[in-house]
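J.: Before anything else, here's the structure in question.
The values are calculated or read from the model by the stated rules, or taken from the named source; none is laboratory data. The model shown is predicted, which means the values in this text are computed figures rather than measured ones. Backbone-built Cβ (ideal geometry, glycine too); neighbour counts: all protein chains shown.
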Amino acid sequence: MPRSVTALFAGIIATVLVSGAAFMSAPAEAAKISAADKAALKEKTAECTKQAKDQKLGWFASRKFVKSCVAK
């Protein structure tokens, strides 16, 4: 009985490690964006930040505004 429990436990650990490695590589590749996209995002963020500053929003409201403005 103890050998089967050990084998089962080792199988579960191996499955978790392999599946974890498979899921970790996908987001890292998806996060890469081009230099042009980075520049456009930076420009849009600056515009939205200026709008939030002009509206004199508080810190949290400003962050929320900028996030929704950039998403548009």
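J.: Determine if segment 20-29 includes at least one residue that is modelled with pLDDT of 85 or more and in a helix (DSSP H, G or I).
T.: For segment 20-29, residues modelled with pLDDT of 85 or more and in a helix (DSSP H, G or I): absent.
J.: Being part of a helix (DSSP H, G or I) and small (Gly, Ala, Ser) is the filter here, so list the residues in segment 36-62 that pass it.
T.: If the condition is that a residue be part of a helix (DSSP H, G or I) and small (Gly, Ala, Ser), then ALA36, ALA39, ALA40, ALA46, ALA52, ALA61, SER62 are the ones that fit.
J.: Which pairs turn up if I take residues in segment 55-68 that are over 17 Å from GLU43 (Cα atoms) and look for partners that are modelled with pLDDT of 90 or more and of a type in the set (Phe, Trp, Tyr) with beta carbon separation below 6 Å, at least 6 apart in sequence or on another chain?
T.: LEU57/PHE65
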